Amino acid sequence: MAKRLYIETVGCQMNMLDSELVVASLRKAGYEVVDKPAKADTILFNTCSVRQHAEDKIYSALGRLKHAKQHNPDKIIGVLGCMAQKDQRLIFERAPFVDLVVGPGQLHQVPELLEKVAAGEGQQLEVSLDRKAGTRAEIEESFESYDPLRDPQMRPTPYQAFVRIMIGCDKFCTYCIVPSVRGPEQSRPPEHIEAEARQLAAEGCREITLLGQTVNSYKHGANGHTTRLSDLLCRLHDIEGIARLKFVTNFPKDMTDDLLEAVRDLPKCSPYLHVPAQSGPNDVLARMKRGYTVEEYREMLARIYATVPGAAVTSDFIVGFCGETDEDFEATAQLVRESRFKNSFIFKYSERPGTKGASLYADDIPEDVKRRRNNELLAIQNEISEADNQPFVGREVEVLVEGPSKASQKHGDDGPVLQLVGRTHCDRIVVFTGNRRQIGQLLPITIVEANAFTLFGSVVTQHAGPEVYSLG
Ligand code: 5AD
Ligand code: SF4
């Protein structure tokens, strides 16, 4: 009988892609995926360490499995990803019934490690070296990039795929755990990336999103020739079948003109750029060690808007970072007001043990102040998002149709006509009534209504009058 796998994924797109690849390798090893932990004999959590809250959720989910494991000791429970790399043995101490702890650099070993557990070889721990535990080359080697098999069924939709172009991060922003859990920055060879993109296109994929923690820092050198992200985009642009190319997440300092010109000149490149600012005041940016001033961020933003007309820019912000005063917060609010981001993701600072921020600065902003600043910033951003969506009313946009909207999934709509959801080239969400066979197509949609988060529209009906033949 097939072994049954339940996998739960939290965190960023990188984690979604990792889960997709783990599932692909386990399907190959004879597993089938089930939708509830109760139905599974193997339960895996692919975890995130960026904020405390994400970790707490995993530890409580593990706590809930304690009884299931007591009743059924053959059930295998595994913790994968960033929290596995960060907490390592601590996970076995806090949840002794966990069988398997595997860091993001060892995911290719999951099938073999599961076999070892099943064979009675006891708890398995596989993680990479800490960032100070060897030479750069040794540490790099201990984080193995993992992009072999793809499983079309695990993609966000069959028409969209993530492709990793680099792993790790070398920026060491003081609040961030990513450089320690995902290791040194390493770019994949362009020919591997292209081969993967061609395979995806052959499987019917229309949109590819290139992934990297600082995706625009991508640089691959071989035989005295360096490939930058702009060069890579050019190379992928030729692939037949691919209609859209996106890339996330960008680091402001690496937003070079060659990249912006590539986005402007290559029609398949989405005019959508996620470039987190994180904060407004220069003293906070310095304590975060972001490597730019707010003036430099503004200059970069002006360059984006000047080079790529109509670009949709999005950002991340952390509120309540160590020592953030009311005036500091006001400076962040001002940056949001003037920048006209399409949207912003706003987070309350969460101290991460092991980061420079945790050792250098006190997490001194009370939780209620963080919450208030978070809500205030969100309100400012939402007002802008709504105002910037309004001009779309009456316009025609091209939408890549992703599938049934959340509402129609909830209603269990199973007829041919239903509410569909897709995105514009500039990453705006569009909801409209359509036909099931339109899923996966690029469709012209006229927008009739808009709020801060969604455009609502209807399919543009093609002219269907009598055909006129020339008698020539
Ligand atoms: N606390 C809160 N937010 C954080 N982020 C990264 N580290 C932390 C932290 N310690 C946010 C940043 C980043 C996004 C992915 O998560 O805004 O861009
Ligand atoms: Fe974290 Fe900064 Fe690297 Fe982004 S650039 S992953 S915020 S250290």
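Any read-out appearing in this document is the output of simple, stated calculations on the displayed coordinates, not a laboratory observation. Because the structure is predicted, anything quoted here is derived from the model rather than measured. Heads up, the Cβs are rebuilt from the backbone with ideal geometry, glycines too, and the neighbour counts pull from every protein chain shown.
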Just how far, in whole angstrom, is the stretch 388-418 from the stretch 178-250 if you go by their alpha carbon centroids?
29
Starting from the Cα of residue 33, move 7 Å in the Cα-to-Cβ direction to define the label point; list residues of the stretch 165-188 whose amide nitrogen is under 14 Å from there.
none
Provide, in order from the shortest bin, the percent of all Cα-Cα pairs of the stretch 110-236 in each 5 Å bin, continuing until the bin that contains the maximum pair distance.
2, 9, 16, 16, 18, 16, 13, 7, 3, 1, 0
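Among the listed pairs 57/86; 3/28; 86/253, which have their C-alpha atoms separated by more than 21 angstrom in this model?
In this structure, 86/253 exceed 21 Å between Cα atoms.
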Taking the simple approach of a point 7 Å from Cα along Cα-to-Cβ for both residue 261 and residue 191, what is their distance in nm?
2.8
In the stretch 186-219, which residues have a backbone nitrogen under 13 Å from the label point lying 7 Å from residue 307's Cα in the Cα-to-Cβ direction?
216-217
For the stretch 15-105, listing trypsin sites (Lys or Arg not before Pro) in a DSSP loop whose Cβ sees at most 10 other Cβ atoms within 10 Å gives none
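Which semi-axis lengths, in whole Å and largest first, follow from the square roots of five times the eigenvalues of the Cα gyration tensor of the chain?
Values: eigenvalues 257, 185, 111 Å².
Each semi-axis is the square root of five times an eigenvalue, giving 36, 30, 24 Å.
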Free-by-geometry Cys in the chain, Cβ-Cβ under 4.7 Å as pairing rule, reported as 12, 48, 82, 169, 205, 234, 269, 322, 426
Report the calculated FRET efficiency for residue 414 and residue 240 (r = Cβ-Cβ distance, R0 = 35 Å), to the nearest 0.05.
0.55
Dipole of the chain, Cα-centred, from +1 at each Lys and Arg C-beta and -1 at each Asp and Glu C-beta, to the nearest 20 debye?
780
Note: residue 334 to residue 367 extended length (0.36 nm per residue) minus current alpha-carbon separation gives 9.7 nm
Under a Cβ-Cβ cut-off of 14 Å, what is the net charge of the residues other than residue 206 that fall near it, where Lys and Arg count +1 and Asp and Glu count -1?
+1
For the pair residue 351 and residue 70, what calculated FRET efficiency results from E = 1/(1 + (r/R0)^6), where r is the Cβ-Cβ distance and R0 = 25 Å, to the nearest 0.05?
0.15
From the backbone phi of the stretch 269-280, what are the Karplus-calculated ³J(HN,Hα) couplings (6.51 cos²θ - 1.76 cosθ + 1.60, θ = phi - 60°) in whole Hz, Gly and Pro given as x?
6, 5, x, 9, 10, 8, 10, x, 8, 6, 6, x
One point scatterer per Cα, no solvent, Debye formula: log10 I(q)/I(0) for the stretch 1-144 at q = 0.09, 0.11, 0.20 Å⁻¹ comes out as -0.25, -0.38, -1.30
